1. What net charge do the residues around PRO451 carry, taking every other residue with its C-beta under 11 Å from that of PRO451, with Lys and Arg at +1 and Asp and Glu at -1?
2. What distance in nm separates the simple spin-label points at ARG463 and VAL7, each placed 7 Å from Cα in the Cβ direction?
3. For the chain, with every protein chain kept in place, what is the accessible area per residue (1.4 Å probe, Å²)?
4. When the gyration tensor of the chain is built from Cα positions, what are the square roots of 5 times its three eigenvalues, in whole Å, from largest to smallest?
5. Keeping the other protein chains in place, figure out the carbon and sulfur percent of the accessible area of the range 362-413, with a 1.4 Å probe.
6. Where in the range 382-483 are there trypsin sites (Lys or Arg not before Pro) that are in a DSSP coil and have at most 15 other Cβ atoms within 10 angstrom of their Cβ?
7. Put a dot 7 Å past each Cα toward the Cβ at SER230 and PHE17; how far apart are the dots in nm?
8. So, R0 is 45 Å and r is the distance between the beta-carbons of ASN27 and GLU371; what FRET efficiency does that work out to, to 0.05?
Amino acid sequence: MQMEQLVALCKRRGFLFQSSEIYGGLNGFWDYGPLGVELKRNVREAWWRDMVTSQDELDVPPGAPSTYEMTGLDCTIIMHPQVWKCSGHYDMFHDFMVDCRESNKRYRYDQVAGRWVEYDGSRVFVTSYQSGDEGAADVQQKALKFFKLRAKHKERLQWDGPMTPLPEIEDTSQVLAPDAKQLGTLTEPREFNLMFKTTIGALGGEQDTAFLRPETAQGIFVNFKNVVDSTRVKIPFGVAQIGKSFRNEITPRNFTFRSREFEQMEIEFFCRPDTSPQWYTYWRDRRYQWYVDLGLAGDRLRLRDHDAAELSHYSCGTADIEYAFPFLAEGEFGELEGVAHRGDFDLRSHMEGKLVREHEPDGPFVVELNEEGQPKYRGSGKDLSYFDDQTRETYVPHVIEPSAGADRAALAFLCEAYQEDEQPDEKGKLKKRVFLKFHPRLAPIKVAVFPLVRKDGMPEVAREIYGELKPHVSAFYDEKGAVGRRYRRQDEIGTPFCITVDGQTLQDGTVTLRNRDTLDQWRVKKEDCLAELQERLSGASEYPQ
Ligand code: GAP
């Protein structure tokens, strides 16, 4: 599948629109249309149900070290600015970027890559801002243009070495920036904090500056004590939150994959320090399996453990759940979710102040001091340790954090669902059929109801069935156009079942049920439609629940 086909389908059928499109759009912001909002709601609801509400605290789930409890929170987007100072985001949540003095464009430093090329005595590092094969092809084109050569003379270019990231090039005076005509137009790399700033209140002084949260996780940490004190949860337990996060990404790209406003589904799982390695393994495997169960099976999904160099400033172990999105080059994967062992870093930071490693990279965490030897950013000073009333021990819990993106998950499910086959039309001619093979739990509409024709009392019966289904499942009624075309419209948006009222219905009270994937058709009594659908939607299909 080409990404363009999916993007076009998403727009045409109302899954996703560019934000503020009639004003030319806003880069990095996306609106979910009538079908997209249902898809994303289904992703969120599947996650909340599977992770939170259906968690049985009396039984040990397969692979878990013990029983555990789950609960939820819904915190504000704007939090006390000190939260971001103690979490490390204020100082460390940045990307390096370079500006081009000629084109006035800004690039993420680590995403510019190029190749050395020689012609006529000049040696130039020609760059591109595209990745993979596209980037390599772009560099070829740019080199020809720079040296004013025609494509047929491309052999005259002497290439030296493979594509190389810009940060590996020491002297940038011979670098041709991705959109420049002259050499050496890039600035030195500069840090760029990814947090969106805003101002609280009408006066708007520097002291009123606040930030839109770049992750939902911190709301959970700062409420740890509130949750423990207001409920009867005991360690081990997890707190889940779904909500919007904001990052002023330098280069939002690849549809919704890297947006500036997006939704996260995060769990902070609190446990005894000595059990945290087992809980880390449990959550890593459990979260991977969640995607498999919802249809991302196969070699496009993978679980990848980080090596030490990749670990975040707080992490003792992290794995990414990744998907081979079709916009990536062959063999490349994009992150869907990170599962991180965060130790006691976050709770301790909010107690004591901003933490740093004493001896990089693996020394113990200590409070960072300023030049006067005082804590650089003081924490809340509140005691966020946990008292275990069974063992009479007090400790700062360790945390395992499975952190998923709802938009990336929805995008992966869309990519995976996209299928094409050939089916005969009404005249028996083979025609391409596009269908979205969503897991029934994720499908925006579960069933469409049609009268075969708009006469002979069929619409009345079909409307009656639709009215009976609608309170229980998301249903759609359509009586316009040829029935074959109506089927294809439902296939294209991933509706797993269609019910058709036809001549036989009027005689024996049965209707046709049709399966989107197999195209099987069978008859059921019209009063049995709901029970039949519920059974098939809840697991008696090829999809496990
Ligand atoms: N609390 C940890 C944390 O936020 P992260 O890896 O930065 O970790 C977690 O983000 C998940 O949020 C990612 O795996 C991804 O699914 C999603 N995400 C992060 N940045 C995103 C962006 N710019 N656009 C869409 N989703 C994003």
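1. -1
2. A separation of 4.3 nm, rounded to one decimal place.
3. Computed with neighbouring chains in place, this is 49 Å² per residue.
4. They are 45, 37, 20 Å, listed largest first.
5. Here carbon and sulfur together make up 46 percent of the probe-accessible area.
6. Filter output for the range 382-483: LYS382, ARG392, LYS427, LYS429, ARG454, LYS455, LYS480.
7. Computed distance between label sites PHE17 and SER230 equals 3.7 nm.
8. Approximately 0.70, to the nearest 0.05.
The values are calculated or read from the model by the stated rules, or taken from the named source; none is laboratory data. Since the structure is predicted, the reported quantities are computational estimates derived from the model, not experimental observations. Ideal geometry is used to build each Cβ from the backbone, glycine not excepted, and the neighbour counts take in all protein chains shown. In case anyone asks, the SASA skips ligands and DNA or RNA and just uses the protein heavy atoms, side chains included. Shrake-Rupley method; radii C 1.70, N 1.55, O 1.52, S 1.80 Å.
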